[in-house]
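Reading through the structure tokens given below for one structure.
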Ligand SMILES: NC(=O)c1ccc[n+]([C@@H]2O[C@H](COP(=O)([O-])OP(=O)(O)OC[C@H]3O[C@@H](n4cnc5c(N)ncnc54)[C@H](OP(=O)(O)O)[C@@H]3O)[C@@H](O)[C@H]2O)c1
């Protein structure tokens, strides 16, 4: 499959490494044949070649100079939207940064442009699913192409695939869980007596939290995932701005101690359920009894509970994900696509 990659950060580089340098470690990926025809970044230049761009060369350039080499044969200044509109590819892989402030843009436009041309899309970026799912899914359906997004919630853990492939005939009546690793890590550390500030610093040292952790701590990342799940699994038409949201910034050692005295842990719980003819979605800190499943989700773990009318509830849990889990979500979507095309 000819693939256009928008973004070549942590996730893009891990995918490139798995498909080249680390390929021998993963024998079940051998039949996945990806030919990148474009790798576009915001500030490091782009590589474009209809005959194929070398992942290995792209990795070496970023490792060497932090950017693509202007002297490379395939170097280009092509921007993401231009590439989505003009290049010939089978799948656009959207790996650029989520912008809550810009309501998922420019990623929503990258995806809309590709789907409108009848090109398949895989997005690890939450923006298009959290802000524009209904419209984008409709375009995909009209143009008879696929819009896959497994990585958007809980990396490669089967969440959307689970509902699509195995809960056939069921109507999802509610979703709930712990969706944000950073806040769960910080709350777990605080239970061990560490302050919120120190816990955030440790999360950053370990690469669990971003340099600017505010989106995680204020609950925006969790709200984006809740909106994405509600939109896809429950047919909602909400955005992260519709989610009633509090983060963990106000949590203190006193709150943690009070919860422990009650035999509980504090967790950032996300929920979406039907209410008043629509879907009510919330993100907020709650006390969870220490006997509850969620209490066992510690560190960078996550959990999703899906309720349906016929079957369920079903829980998917994830333990301390790494970048491999994230890359896997995209690789799984690529395999799904390759199988549907062959
Ligand atoms: N990391 C994870 O564990 C994880 C898990 C699940 C989902 N995700 C999602 O996956 C996506 C990629 O994550 P990441 O960790 O790889 O992010 P990252 O390291 O920050 O890399 C983002 C990449 O996107 C490029 N980019 C940003 N805006 C762009 C634009 N307008 N046009 C073209 N390129 C643009 C950046 O270019 P520059 O390098 O020039 O800035 C960079 O190459 C994000 O949406 C993230 O939320 C990540």
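Nothing in this text is a laboratory measurement; each read-out follows from the coordinates by a stated rule. In this text the structure is predicted, and so the values were computed from the model without any measurement. Note that we place each Cβ from the backbone using ideal geometry, even for glycine, and neighbour counts take in every protein chain shown.
Under the definition of Cα pairs under 8 Å and six or more residues apart, what whole-number percent is the relative contact order of region 297-341? 31 percent.
From zero up to wherever the largest Cα-Cα distance of region 94-208 sits, split into 5 Å bins and tell me the percent of pairs in each. Spelled out bin by bin, region 94-208 gives 2, 11, 15, 16, 17, 14, 10, 7, 4, 2, 0 percent. Both radii were evaluated on the Cα set of region 195-332; the Rg over Rh quotient, with Rh as the Kirkwood radius, amounts to 0.96.
Each semi-axis of the equivalent ellipsoid for region 219-260 is √(5λ) with λ an eigenvalue of the Cα gyration tensor; in descending order they amount to 29, 10, 7 Å.
Its DSSP H runs of at least 4 residues, each contributing -39,500 (n - 2.57), put the calculated 222 nm mean residue ellipticity of the chain at -11500 deg cm²/dmol, to the nearest 500.
Seen from every direction in turn and averaged, the convex hull around the alpha carbons of region 96-145 projects onto 2.8 nm².
In the chain, the longest principal axis of the Cα atoms and the axis of helix 196-205 are about 30 degrees apart. Annotation: peptides 229-235, 283-289, ranked by per-residue average of other Cβ atoms within 10 Å with the highest first, follow the order 229-235, 283-289.
As a ratio to 2.2 N^0.38 Å, the alpha-carbon radius of gyration computed for region 148-263 takes the value 1.21. The three principal axes of the Cα atoms in the chain give end-to-end lengths of 64, 45, 39 Å, sorted in falling order. When the Cα atoms of region 2-105 are aligned to their principal axes, the ranges along those axes come out at 40, 32, 26 Å in descending order.
What do you get for the angle between helix 107-116 and the principal long axis of the chain? Use alpha-carbon atoms, 0 to 90 degrees, nearest ten. For helix 107-116, the angle is close to 50 degrees. Per-residue packing, averaged as other Cβ atoms within 10 Å, sorts the ranges 299-306, 132-139, 208-215 into the order 299-306, 132-139, 208-215, beginning with the highest. Within region 274-337, the proportion of Cα pairs with more than 15 Å between them is 71 percent.
Normalised Debye scattering of region 27-165 at q = 0.09, 0.12, 0.15 Å⁻¹ gives log10 I(q)/I(0) of -0.29, -0.52, -0.81, counting only Cα atoms as equal scatterers and leaving out solvent. With an 8 Å cut-off on Cα pairs and a minimum separation of 6 or more residues, tell me the relative contact order of the chain in percent. Across the chain, relative contact order equals 17 percent. With everything on Cα atoms, drop me the angle between helix 220-234 and the longest principal axis of the chain, reported from 0 to 90° to the nearest 10. The answer is roughly 80 degrees.
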